[in-house]
Amino acid sequence: MFRLDAMARLRFRRKHCDDLPPILVNSLPKSGTHLLLQLVRAIPGLHYRGGFFASSPSLTQRLRGPAATTRKLGRILPGECIGAHLFHSDGAEAVLRDKQFLSLFLCRDPRDVLMSELHYLTGMNRWHRMHRHFARLPEFGDRLKLALEGLDAGFPDCNQRFLAYGGWMHAPRTTVIRFEDLIGPSRGETCQRIIDECRAWGMDFPDSEEVVQRMIQAADPQKSHTFRKGLSGGWRKGLTAAQIKTVETWLEPSIVAFGYD
């Protein structure tokens, strides 16, 4: 497998210009990662090989250290894009800077993220380490409590989970994209922002309007195995007034950090 992978990477390097930037499509989990990947993959000249990197993989939730992060990102080729749930750190920033990555970070209202995560871990991803813990709780209130308070070091409280990504909101050379702008009438403008960033990194698009249309047409959330509803502001649905207050109180640090206050 390694040998075939190495040969594929060599052929790819020969076919693409070394001055194209590698692109990191990074996100807070349950924020529309695959939707943004679909848009970026539609940009001419880029190559996607299915790569994805998570600082805390869902199967084990064991934190990957700086060496694993550097090794993974260091193997990404010019013109290649990769998806990620990469925690922010000075070391991660340094790798992206040294490797000349075009860095995109996708965020979403933490309240919507929390509810999407809760439903995802309860009924959609039975391979996730936390699935059995959520699925065995018959009462929604107990599952909500687990989502807010966490379980252990691998699945800490909601703010620790979310704020691990918070530094990307203000990281130099990182373009922040909001999930709400991907699903609403601003999608075209958001695609144009991404194209403008690609141009700033040396990529050439004679007709950006055509590229925008290609990106918009590529969007198909139903093709994602993690897609549930993809709504914005639906987090209140099914919650009591007391639960709404609890969610907003618990998540206040994340709501502020990601700009949803």
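The values are calculated or read from the model by the stated rules, or taken from the named source; none is laboratory data. Quick caveat, the model's predicted, so the values are computed rather than measured. Backbone-built Cβ (ideal geometry, glycine too); neighbour counts: all protein chains shown. To get the accessible areas, we keep the full protein, side chains included, count just its heavy atoms, and leave off ligands, DNA and RNA. Shrake-Rupley method; radii C 1.70, N 1.55, O 1.52, S 1.80 Å.
Tell me, Kirkwood radius of the chain from alpha-carbon pair distances, in Å? Roughly 19.3 Å, rounded to one decimal.
Each peptide in 23-32, 155-164 gets a packing score, the mean of other Cβ atoms within 10 Å over its residues, and the list from highest to lowest is 23-32, 155-164. A simple charge model with +1 on the Cβ of Lys and Arg, -1 on the Cβ of Asp and Glu and nothing else charged puts the dipole of segment 14-168 at about 600 debye relative to its Cα centre.
For the chain, the solvent-accessible area with a 1.4 angstrom probe is 51 square angstrom per residue. Ordering of 138-145, 166-173 by packing is 166-173, 138-145, highest average first (other Cβ atoms within 10 Å, averaged per residue).
The angle between the Cα long axis of helix 241-250 and the main principal axis of the chain comes to about 50°, on a 0 to 90 degree scale. By the Stokes-Einstein formula, at 1.002 mPa s and 20 °C, segment 31-171 with its Kirkwood radius over alpha-carbon pairs has D equal to 130 µm²/s.
Compactness of segment 116-199, taken as the C-alpha radius of gyration over 2.2 N^0.38 Å, stands at 1.45. Using only Cα atoms, tell me the angle between helix 208-218 and the longest principal axis of the chain; keep it within 0 to 90° and round to the nearest 10. With both axes taken from Cα atoms, the answer is about 50 degrees. Within the straight-line cut-off of under 17 Å between alpha carbons, the aspartates and glutamates reachable from Lys72 are Asp5, Glu80, Asp90, Glu93, Asp98, sequence neighbours fewer than 8 places apart in one chain being disregarded. The calculated FRET efficiency for the pair Glu252 and Thr70, based on their C-beta separation and a Förster distance of 51 Å, comes to about 0.90.
Treating only the Cβ atoms of Lys and Arg (+1) and Asp and Glu (-1) as charged, compute the dipole magnitude of the chain about its Cα centre; round to the nearest 20 debye.
1200
The aspartates and glutamates whose alpha-carbon is closer than 14 Å to the alpha-carbon of Lys145, local same-chain residues fewer than 8 away aside, are Glu117, Asp157, Glu248.
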